[in-house]
Amino acid sequence: MTYPTKTFNLPVLEGLSEKQIQVHLALYEGYVKHTNLIVEKINALKASDADGNAYLIAELRRRFGFEFDGIRMHEYYFEQFEGGATASDINSALAAAVAQKYENQGLEAHIREVAGSRGIGWVVAYADPRGNTLHTVFVNDHELGQLAGLPVMLALDLWEHAFMVDYVPAEKKNYIDAFFANLNWSVVEKRFEDAMKMSAA
Ligand SMILES: [Fe+2]
C-alpha cells in the first residue's frame with residue numbers, strides 16, 4: 001500500500017496566513033512522499049539481495065518512524081482546525097478528566113505551560129484509556145519520546161516552520177494564541193471519547 005496525501009478542509013484561519021499553512025502543508029506532503037519511498041526502497045532491496053542489503057534495510061527501517069510520525073502528527077495538527085474554532089464543552093468526558101487531573105488550571109492553560117518549555121518540538125496531549133486519564137508532554141523529535149500506545153488527542157506543533165512565515169521566534173506566544181483561536185475543541189473531545197470507548201470494548 002501507499003499512504004495518500006490527505007487534503008484538509010481548512011477555514012480561513014485567524015493569525016495564521018494562507019502562505020504559512022501552504023508552507024506547512026508542503027512539509028507534510030514531504031513526509032508522505034518519503035514514508036512511501038522508504039517502503040518502496042526496502043521492498044526493492046529485499047527483492048534484489050536481502051542478505052547483502054541487510055544494513056541498508058535496517059537503516060531505512062530506523063528512519064521509518066521519523067517519516068511516518070511526520071505524516072500522522074501533521075494530520076492530527078491540521079484536522080484540529082477543520083470545521084472552525086469551537087469552545088470546549090464543559091459537560092464533555094474530556095472536561096471531567098481534565099478537572100480531575102489539572103483541577104482549576106484547565107487543559108488549555110496546562111498546554112500553554114508545557115508549550116513554554118525551551119526548545120523546538122510538539123506539545124502532545126494523549127488519552128490514556130488504561131489509566132482512565134490524560135497526559136500532556138513535550139516531545140522534541142516526533143519519532144522519540146511519544147507515550148507508547150496512547151492515542152493522540154491534541155498536537156501543537158512548536159517547530160519553527162509551523163509559525164515563522166507569520167511570526168519571529170520571540171513571538172511564539174502569539175502563534176500559540178493563534179493555535180487556540182482556531183482550535184476546534186470538538187475534534188479533541190471526540191478523539192478523547194473514541195479512545196476511551198476503545199478501551200472499554
Ligand atoms: Fe510541522
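The values are calculated or read from the model by the stated rules, or taken from the named source; none is laboratory data. Because the structure is a prediction, the values reported are computed rather than measured. Every residue, glycine among them, receives a Cβ derived from its backbone with ideal geometry; neighbour counts consider all protein chains shown. SASA here: full protein model, heavy atoms, side chains in, ligands and nucleic acids out. Shrake-Rupley method; radii C 1.70, N 1.55, O 1.52, S 1.80 Å.
Under a Cβ-only charge scheme (Lys and Arg +1, Asp and Glu -1), can you give me the dipole magnitude of the range 98-183 about the Cα centre, in debye to the nearest 20?
Charge dipole of the range 98-183: 220 debye, to the nearest 20.
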* Structure fact -> Projected area averaged over all directions for the convex hull of the alpha carbon atoms of the range 75-190, nm², comes out at 7.2
* Asked: What spacing in nm lies between the two simple spin-label points modelled at residue 117 and residue 26, each 7 Å away from Cα in the Cβ direction?
  -> 2.9
* To do: Towards the positive end of the charge dipole of the range 1-129, with charges on Cβ (+1 Lys, Arg; -1 Asp, Glu), say which of 70, 50, 90 has the farthest Cα.
  => 50
* All-pairs alpha carbon distance profile, the chain, 5 Å steps from 0, percent -> 1, 7, 14, 17, 19, 15, 11, 7, 4, 3, 1, 0, 0
* Structure fact -> Karplus-derived 3J(HN,Hα) from phi for the range 102-117 (6.51 cos²θ - 1.76 cosθ + 1.60, θ = phi - 60°), whole Hz, x at Gly and Pro, runs 9, 6, 6, 5, x, 6, 4, 5, 5, 4, 4, 4, 5, 5, x, 4
* **Principal-axis tilt of helix 18-49 within the chain, Cα atoms, nearest 10 degrees** => 30
* What lysines could a cross-link reach from residue 172, if we take a straight Cα to Cα line under 22 Å and drop same-chain neighbours fewer than 8 places away? -> 19
* To do: Report, to two decimal places, the Cα Rg of the range 2-118 normalised by 2.2 N^0.38 Å (N = number of residues).
  => 1.48
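Between residue 133 and residue 86, what's the calculated FRET efficiency when r is the beta-carbon distance and R0 is 30 Å? Round to 0.05.
My answer for the efficiency is 0.80.
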* To do: Search the structure for amide H atoms under 5 Å from the amide H of residue 158, placed 1.01 Å from N in the peptide plane, and list their residues when 5 or more places away or on another chain.
  => 121, 122, 123
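For the chain, what % of the accessible area comes from carbon and sulfur atoms, probe 1.4 Å?
Whole-percent figure for carbon plus sulfur exposure: 53.
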* Asked: Relative to the longest principal axis of the chain, what angle (0 to 90°, nearest 10) does the C-alpha long axis of helix 54-79 take?
  -> 30
* Asked: Which far-off residues, 5 or more places away or on another chain, put their amide H under 5 Å from the one on residue 86, with H placed in the peptide plane?
  -> 184, 185, 186
* Cβ crowding within 10 Å averaged over residues, with 14-23, 106-115, 64-73 ranked highest first -> 64-73, 106-115, 14-23
* To do: Run the numbers on the range 80-167 and let me know its relative contact order in percent, using alpha-carbon pairs under 8 Å that are six or more apart.
  => 25
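Beyond 16 Å, how much of the Cα-Cα pair distribution for the range 57-111 remains, as a whole percent?
Summing the P(r) tail past 16 Å for the range 57-111 gives 63 percent.
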* Could you provide, to the nearest whole Å², the per residue accessible area of the chain with probe 1.4 Å? => 54
* Asked: Which ³J(HN,Hα) values, rounded to whole Hz and listed in residue order, are derived for the range 168-183 from phi using the Karplus coefficients 6.51, -1.76 and 1.60 in 6.51 cos²θ - 1.76 cosθ + 1.60 with θ = phi - 60°, glycine and proline given as x?
  -> 8, x, 5, 9, 3, 4, 5, 5, 5, 4, 5, 4, 6, 5, 9, 6
* For residue 133, list long-range residues whose amide hydrogen, built 1.01 Å from N in the peptide plane, is under 5 Å from its own amide hydrogen. => 128
* Given the rule -39500 (n - 2.57) for each run of at least 4 DSSP H residues, summed and divided by the residues of the chain, what is its mean residue ellipticity at 222 nm, to the nearest 500 deg cm²/dmol? -> -17500 deg cm²/dmol
